[in-house]
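Down below is the structure, laid out as structure tokens.
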Amino acid sequence: MSAAADNAPRPQLILQGISASQGIAYGPVFLYLQSDLEVPEYQVEKAKWGAEVARFEQALLTTRQQVQRIMAEVEKNLGEEEARIFDAHLLVLEDQALIAETIREFEKTRLNIEACFDRVARRYIAAFEEIDDEYLRERGGDIRDVAQRVLGNLLGGGGGGQLLARLAEKRVVVANDISPSDAAGLDRSSALAIVTDSGSKTSHAVIVARSMKIPAVVGLRDLTTKLSPGDTILVDGYEGVVILNPAESTLFRYGQIQRQKRTQEQRLLDANRLPAVTLDGVALPLRANIEKVDEAALVKDYHADGVGLFRTEFLYLAAPAAPTEEEQYVAYRTLAEALAPAPVTIRTLDLGGDKPIASQAHLFPKENNPFLGYRAIRFCLDNTDIFKAQLRAVLRASAHGDVRLMYPMISGHEEMRRANAVLEECKLELKAEGKPFNERLRVGSMIEIPSAAMAADLLARECHFFSVGTNDLIQYLLAIDRVNDRIAHLYEPTHPAVLRTLRHIVVEAHRAKIKVSVCGEMAGDPIFVPLLFGLGIDELSMTPPLLPAAKYILRNMTLADARKLAQQALAMDSAKAIQRLCASFSEERLRS
Ligand code: PEP
Ligand code: MG
């Protein structure tokens, strides 16, 4: 790492943000400030009313062509998945309500069409910004991005986003915000890292940074206002830290950290080809969490033992209309065949809560407490046409590989029975239609609600396996909204109540001779891998890039040691102390 080419020393400033893409980078700052276009307002004379509407239609068409061009370019450079970001933009351009409202605004005010469109778009953006859910808030950013493009075309200035395409030398891009268009146009050969004032882990800039494999830190609030010309910046994407004008000693330290991290990552990747077996010879399955069929390649690249959680709602979230049984059957069958003989665990729809969907919005009432509301299996049992289409698709796919099924948000055995009754109906229908399926399809319950955990003995009688969704289970157990930043520090996976609940689930499941998997984020955190296996969990499922670290730890521990660790943790009363104990256990194994 070379030192800053600057004579006068500038004060070093350390700032904490949110880690969004891993890695360490250092270089001069390229400041990028995104600002809204100035939109003039003036009255349009009657003779030009028709032409004004035509100008709007032409701008929508031009914007559509621009977005399609960007999509093609992104698909070529980054791949199909990244290009899908712009599907949302095309949907905005086709949004009949937005278009009709703009025309209505024009008929009402007779102001120039860009002023009318700007007003309507701002109302839409404001409505999205009020939404609690991070993912949907980000979609407000899509509207803003497209709206700026349309306005750019109406005002004759083009679509913007050009600046980032021409970084003169290798630089760290520091921006107040980066729109998808900016991100797509980013000069890939010169951007060392991305740092933004705003944003979250699901922002488009982050998705692009991850796919470019460059570090990103977001949520730095007012960093862009603290910059001076000639500043340099160090980005630590592992810890979510940025250091403005780092001192020589800091650069030296980070140079060492970077070398260590690279060696460690390589060591983990090399070991990842080997089987997931502990030092005392116990094989423990490590599976993958995926959201799309094309992630099958990732499952194989990371040597996962099949899929422990396929979040099928993304088939719905990504599409303008609900996918048909046939479309789902093709998707599930493709996945099962790609990964056979490894298992593919398909979770039925988990819509509602933090995942309402535009195409089915009419089926979701507005609720005060969506996480406690009309979500997942509750929605499915109420909308059996949608539920049955999915169950039939899963059943039919089960004829082509080791397909397993599980239901989300099950509150207890009676709900499980109701879901299974619908499944039985589907089996009878398929039999009558002569369509093949696996008669012995394994069916599991996710354990995400404390009632399901407490009555695990009753629930176990109705299932072939349990899969613990710790993201939700912890949220409901500790009453901590999982998407509320303000109370995020209270979300403690090592709270004694969480450990006792996990242990209880395992004891009851094993008594009933069924297995327990964990597929929440806790399963992929290297700190918790030994603890979970020590508590008796039989398998873990995690996002594929986390598999190498989990496997490395597993291969360097004995199950006997992990059990001792869990016993010790269960006897402790401080979440923080348990966390420290687990961290030191894992770190020791990661170093060996
Ligand atoms: C969970 O709750 O832990 C889980 C895996 O499901 P999701 O994150 O999709 O709610
Ligand atoms: Mg869940």
### Query
If you scan the range 419-468, which residues turn out to be among the charged types (D, E, K, R), away from ligand 2 (no atom under 16 Å from the Cβ) and closer than 30 Å to residue 533 by Cβ?
440, 442, 457, 461, 462
### Message
Every residue in the range 325-357 that is modelled with pLDDT under 95 and either of a type in the set (Val, Ile, Thr) or assigned to a loop (DSSP other than H, G, I, E, B) (or both), please.
### Response
349, 350, 351, 353, 354, 356, 357
### Message
Take the residues in the range 441-491 that are within 12 Å of ligand 1 (Cβ to nearest atom), assigned to a helix (DSSP H, G or I) and polar (S, T, N, Q); name whichever of them is farthest from residue 423 (Cα to Cα).
### Response
475
#### Entry: In the range 462-489, residue nearest to the chain's Cα centre (by Cα) [restricted to those that are open to solvent by 30 Å² or more (accessible area, probe 1.4 Å) and closer than 21 Å to residue 391 by Cα]
464
#### Entry: residue 223, sole failed condition from (1) under 20 Å from the mean Cα position of the chain (by Cα); (2) surrounded by 23 or more Cβ atoms within 10 Å (Cβ to Cβ)
(1)
### Query
Condition test on residue 386, is it open to solvent by less than 50 Å² (accessible area, probe 1.4 Å), touching a residue at least 24 places away in the same chain (Cβ under 8 Å), away from ligand 2 (no atom under 15 Å from the Cβ) and under 29 Å from residue 90 (Cβ atoms)?
yes
### Query
Does the range 363-379 include one or more residues that are of a type in the set (Gly, Ala, Ser) and over 24 Å from the mean Cα position of the chain (by Cα)?
no
### Summary
Of the residues in the range 316-350, those that are within 16 Å of the chain's Cα centre (by Cα) and more than 19 Å from residue 423 (Cβ to Cβ) come to 316, 317, 318
### Query
Does residue 521 qualify as being in the same structural domain as residue 303 (by TED's automatic domain parsing), modelled with pLDDT under 95 and buried (at least 18 other Cβ atoms within 10 Å of the Cβ)?
yes
### Message
I need the full set of residues from the range 226-239 which are open to solvent by 20 Å² or more (accessible area, probe 1.4 Å) and more than 28 Å from the chain's Cα centre (by Cα), in order please.
### Response
226, 227, 228, 229, 230
### Query
Are any residues in the range 524-546 modelled with pLDDT of 95 or more, more than 16 Å from ligand 2 (Cβ to nearest atom) and either open to solvent by less than 10 Å² (accessible area, probe 1.4 Å) or of a type in the set (Gly, Ala, Ser) (or both), and if so, which ones?
528, 529, 530, 531, 532, 533, 534, 535, 536, 537
### Message
Of the conditions (1) out of contact with any Phe, Trp or Tyr (no Cβ under 9 Å at 6 or more places or on another chain); (2) assigned by TED's automatic domain parsing to the domain that holds residue 308; (3) not acidic (Asp, Glu), residue 553 satisfies every one except a single condition; which number is it?
### Response
(1)
### Query
Here are some conditions: (1) part of a loop (DSSP other than H, G, I, E, B); (2) of a type outside the set (A, V, I, L, M); (3) at pLDDT below 90. Residue 86 meets all but one. Which one does it not meet?
(1)
### Task
Test residue 492 against the criterion of being within 16 Å of ligand 2 (Cβ to nearest atom), within 23 Å of the chain's Cα centre (by Cα) and open to solvent by 10 Å² or more (accessible area, probe 1.4 Å), and give yes or no.
no
### Message
Go through (1) part of a helix (DSSP H, G or I); (2) within 26 Å of the chain's Cα centre (by Cα) for residue 242 and report which single condition fails.
### Response
(1)
### Task
Any residue in the range 9-31 that's closer than 24 Å to residue 169 by Cβ: show its pairings with residues that are of a type in the set (D, E, K, R) and assigned to a strand (DSSP E or B) at Cβ separation under 8 Å, as long as the two are six or more apart or on different chains.
24/236; 27/171; 28/171; 29/171; 30/171
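The values are calculated or read from the model by the stated rules, or taken from the named source; none is laboratory data. Remember, it's a predicted structure, so these values are computed and weren't measured experimentally. Every residue, glycine among them, receives a Cβ derived from its backbone with ideal geometry; neighbour counts consider all protein chains shown. The area values use the complete protein model at the heavy-atom level, side chains included, leaving out ligands, DNA and RNA. Shrake-Rupley method; radii C 1.70, N 1.55, O 1.52, S 1.80 Å.
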